[in-house]
Amino acid sequence: MLTIPTSRMRISRALTGPLLVMALAGCSTVGAPNSSQQTRDPAQLAPRSGLPSEHVHGVAFNPADDKVYLATHDGLFRYDTTGPVQIGPVIDLMGFTAAGPDHFYSSGHPGVGVDMPNPVGLIESTDAGQTWSALSRQGQTDFHALTASKSGVVGFDGSAVLRTIDGKSWTTLEPPVATHALATSPSGSTLLATSRSGPARSTDNGATWTVHPEAPLLQLVHFTDDQTVVGVAPDGRVFASTDAGATWDQRGGVGQPPQAITSRTLPDGQLEILVVTAEALMRSSDSGSSFTS
């Protein structure tokens, strides 16, 4: 395990902090409830550098078909052999998480012709994004971040971190940081919240939290399994943890601020990591040591 000196970490935080501030500001603008800019016409889709939309909010592997799905400003896209194919209605899918085969949760804003409240609250799909059903907080909440486990769903709406077991009733969690993104282990035993102050960690379903000052400043994190976590800093450096986020090891990087991240374990034991930037969907098949577009 690579040990990063505290003094070096302080320098890293000073350099990358402004990048995270900009990321937070961008998310807040995009996620403003009832904003007219959320109503997008499908004819106005604006792909950039091979990506199907101008902004990607989430990326996930679907165990049902072994394909990659992108939740974007212009709806959900699945990567087929011919490239990205749009799936389901045009919804600005802000918070997005895969809970299992063909099972997704999301939030955001409806597009043109989509008969849903704005914001859509917590919505669920059990057919890989072809259709979505409303669960709760319709017309009330736009979750900027969502994460799901066997213990339920946790979301961040821009001001509060909320948890639900049944998708209907919610309780408020109180991480001791201004939350940016969330990730939970598959069992729900560990919860991470990223922030400008560094990641906060809970091992009791969000009842108590610890902030590790020696941890790297991470913008996005994702649990591969209950012990393995990958994270990416605002400057694109990639980190990994094998003890559920207690300590971190620096790997490679993607060279740009991240928009979304996911990971899984390959048959050879290496981690496959996907990081979306403004320029490309980047992939590593060697546990984050190197990335290709």
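The values are calculated or read from the model by the stated rules, or taken from the named source; none is laboratory data. The model shown is predicted, which means the values in this text are computed figures rather than measured ones. Please note: Cβ atoms are built from the backbone with ideal geometry, for glycine as well, and neighbour counts cover all protein chains shown. The protein model used for the area step is the full one, side chains on, heavy atoms only, and it has no ligands, DNA or RNA in it. Shrake-Rupley method; radii C 1.70, N 1.55, O 1.52, S 1.80 Å.
Summary table below
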quantity: Single residue of the stretch 156-180 satisfying the filter (touching a His at 6+ places or on another chain (Cβ under 8 Å) and within 20 Å of LEU218 (Cβ to Cβ)) that is surrounded by the fewest Cβ atoms within 10 Å (Cβ to Cβ); calculated: GLY158
quantity: Selection within the stretch 60-86 - β-branched (Val, Ile, Thr) and open to solvent by 10 Å² or more (accessible area, probe 1.4 Å); calculated: VAL68, THR81, THR82, VAL85
quantity: Residues within the stretch 89-104 that are over 24 Å from ARG283 (Cβ atoms) and open to solvent by 10 Å² or more (accessible area, probe 1.4 Å), tallied; calculated: 2
quantity: Every residue from the stretch 229-254 that is open to solvent by less than 10 Å² (accessible area, probe 1.4 Å) and among the aromatic types (Phe, Trp, Tyr); calculated: PHE239
quantity: Residue selected from the stretch 255-277 under the condition in contact with a strand residue (DSSP E or B) (Cβ under 7 Å, 6 or more places away or on another chain) and not in a strand (DSSP E or B), by the criterion nearest to PHE77 (Cα to Cα); calculated: GLN259
quantity: GLY152 being open to solvent by less than 40 Å² (accessible area, probe 1.4 Å) and over 30 Å from VAL254 (Cβ atoms); calculated: yes
quantity: Failed item, numbered, when GLU124 is tested on (1) crowded, with 20+ Cβ neighbours inside 10 Å; (2) within 18 Å of GLY152 (Cβ to Cβ); calculated: (1)
quantity: Residues of the stretch 170-183 classified as touching a residue at least 12 places away in the same chain (Cβ under 8 Å) and hydroxyl-bearing (Ser, Thr, Tyr), total; calculated: 2
